[in-house]
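A.B. asks: Starting off with a structure, shown below.
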Amino acid sequence: MTAEIGPRLAELAGQGVPVAAWCLDCGHHRILAVADLLARLDSRTAVAAVARRLGCGRCGGRAIETRPHYAGLGVVAGHRWEGG
């Protein structure tokens, strides 16, 4: 089993940075509060690994991608920001 790389939930919590989640099937997206994620997940969980625990609230899809949501950087290339 390979370890996930990238920032951990504890790091984002310390920086006050939420997690952005995208459904790769329908393009739906949400900004998730790290405090809510920490209520369900270990603080050492990599942000990329959070995606495996999520499902889309719009289409029910499980093809989810998660990244830190650094406000001010704009939309991350490769994601369809449709609707809201």
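Derivation of every value follows stated rules applied to the coordinates shown; laboratory data play no part. Just so we're clear, the structure is a prediction, and the values are computed from it rather than from any experiment. We place every Cβ from the backbone using ideal geometry, glycine too, and count neighbours over all the protein chains shown.
A.B. asks: Place the peptides 20-28, 39-47 in order of packing, highest mean first, counting for every residue the other Cβ atoms within 10 Å and averaging per peptide. Could the numbers behind the result be given before it?
C.D. replies: Values: 20-28: 18.8, 39-47: 13.9.
Taking the mean over residues of other Cβ atoms within 10 Å, the ranking is 20-28, 39-47.
A.B. asks: I've got another one for you. Evaluate the distance, in nm, between pseudo-label points positioned 7 Å from the Cα of residue 10 and of residue 71 along their respective Cα→Cβ axes.
C.D. replies: Distance between label points: 2.6 nm.
A.B. asks: If you take the square roots of the eigenvalues of the alpha-carbon gyration tensor of segment 34-73 and sort them as a ≥ b ≥ c, do you get rounded (a/c under 1.5), prolate (a/b over b/c) or oblate? Before the final figure, lay out the partial values.
C.D. replies: Numbers: a/c = 1.82, a/b = 1.17, b/c = 1.55.
Oblate shape, in that a/c is at least 1.5 and b/c is the bigger or equal ratio.
A.B. asks: Next question. Rounded to two decimals, what is Rg over Rh for segment 9-68 when you use alpha-carbon atoms and the Kirkwood radius? Let's see the in-between values first.
C.D. replies: Working: Rg = 11.0 Å, Rh = 11.4 Å.
Across segment 9-68, the Cα-based Rg/Rh ratio is 0.96.
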